[in-house]
Amino acid sequence: MDLKKYIRSIQDYPKKGILFRDITTLIKDEDAFKETINQIAKMASKINFDKIAAIESRGFIFASALSYTMSKSLILMRKKGKLPAERFSEDFELEYGKATIEIHKDSIGKKDSAIIIDDLIATGGTAEAAAKLVEKSGGKVAGFIFVIDLFDLGGVKKLEDKGYKVNSLIKFPGH
């Protein structure tokens, strides 16, 4: 199944100059969504890990299905101010602004390894911040899995240059 056909592209969203790759058209199709989860699970099965860390918010969709499929713990990485207990925070730059993500301090243990799941990688700022949160927790990043890689924006190279393993299902240019 060509999953690329199920991704809608929206010009100038959320601001002028951005070509937004919309996964809602992928997840609304039950066969395409099931195939996406199957492909992610196949990639994940080749990685040795203890927990699945999901980046808010669209990463939650794919990571929760993977968590269920693989019987692994699901750890939520949320926007600043959304987690109620003690947490680690990490600031980062987006293609169109600044943000902070957080993780509960008790989510990942010192001997845990985690894969990090998100819908898309662009410049890699969010993913790098997510990796720092796993490492602040004392855990190890076992790898990343993204549904979409905007290959010309350099995010995968940024992560690989730091020694992380990166997998993605679909590649699109970022512009």
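Can you pull out the residues in region 103-123 that are at pLDDT 95 or above and either of a type in the set (A, V, I, L, M, F, W, C) or within 19 Å of Leu153 (Cβ to Cβ) (or both)?
Ile103, Ile108, Ala114, Ile115, Ile116, Ile117, Asp118, Asp119, Leu120, Ile121
Suppose the filter is in contact with a strand residue (DSSP E or B) (Cβ under 7 Å, 6 or more places away or on another chain) and hydrophobic (A, V, I, L, M, F, W, C); does Ala114 pass it? First the steps, then the outcome.
Working: in contact with a strand residue (DSSP E or B) (Cβ under 7 Å, 6 or more places away or on another chain): yes; hydrophobic (A, V, I, L, M, F, W, C): yes.
Yes, satisfied.
Only one of Asp152, Asp91 is in a helix (DSSP H, G or I), surrounded by fewer than 20 Cβ atoms within 10 Å (Cβ to Cβ) and not polar (S, T, N, Q). Can you tell me which?
Of the residues listed, the single one that is in a helix (DSSP H, G or I), surrounded by fewer than 20 Cβ atoms within 10 Å (Cβ to Cβ) and not polar (S, T, N, Q) is Asp152.
Quick one: would you say Lys4 is touching a strand residue (DSSP E or B) at 6+ places or on another chain (Cβ under 8 Å), in contact (Cβ under 8 Å) with a residue 40 or more places away in the chain, within 22 Å of Lys165 (Cβ to Cβ) and of a type in the set (D, E, K, R)?
Working: touching a strand residue (DSSP E or B) at 6+ places or on another chain (Cβ under 8 Å): yes; in contact (Cβ under 8 Å) with a residue 40 or more places away in the chain: yes; within 22 Å of Lys165 (Cβ to Cβ): no; of a type in the set (D, E, K, R): yes.
So Lys4 does not fit the description; no.
Restricting the search to region 61-74, which residues are over 11 Å from Asp50 (Cα atoms), touching a strand residue (DSSP E or B) at 6+ places or on another chain (Cβ under 8 Å) and either of a type in the set (Phe, Trp, Tyr) or in a strand (DSSP E or B) (or both)?
Step one: of region 61-74, the residues over 11 Å from Asp50 (Cα atoms) are 61-66, 68-69.
After this cut, where a residue has to be touching a strand residue (DSSP E or B) at 6+ places or on another chain (Cβ under 8 Å) as well, the list is 61-64, 66.
Result: Phe62, single match.
Assuming Ser107 fulfils every condition listed in (1) of a type outside the set (Asp, Glu); (2) farther than 23 Å from Asp22 by Cβ; (3) surrounded by fewer than 18 Cβ atoms within 10 Å (Cβ to Cβ) apart from one, which condition is it?
(3)
Scan region 21-49 for residues that are free of Cβ contacts under 8 Å to residues at least 24 places away in the same chain and either over 28 Å from Ala142 (Cα atoms) or more than 19 Å from the chain's Cα centre (by Cα) (or both) and report the count.
The number of residues fulfilling the criteria is 4.
Among the residues of region 94-104, how many are surrounded by 13 or more Cβ atoms within 10 Å (Cβ to Cβ) and in a loop (DSSP other than H, G, I, E, B)?
Looking only at that region, the number is 1.
Only one of (1) modelled with pLDDT under 95; (2) over 20 Å from Pro14 (Cα atoms) is not met by Lys98, so which one is it?
Unmet condition: (2).
The values are calculated or read from the model by the stated rules, or taken from the named source; none is laboratory data. These numbers were taken from a predicted model, which means no experiment stands behind them. So basically every Cβ, Gly included, is an ideal-geometry build from the backbone, and we count neighbours across all protein chains shown.
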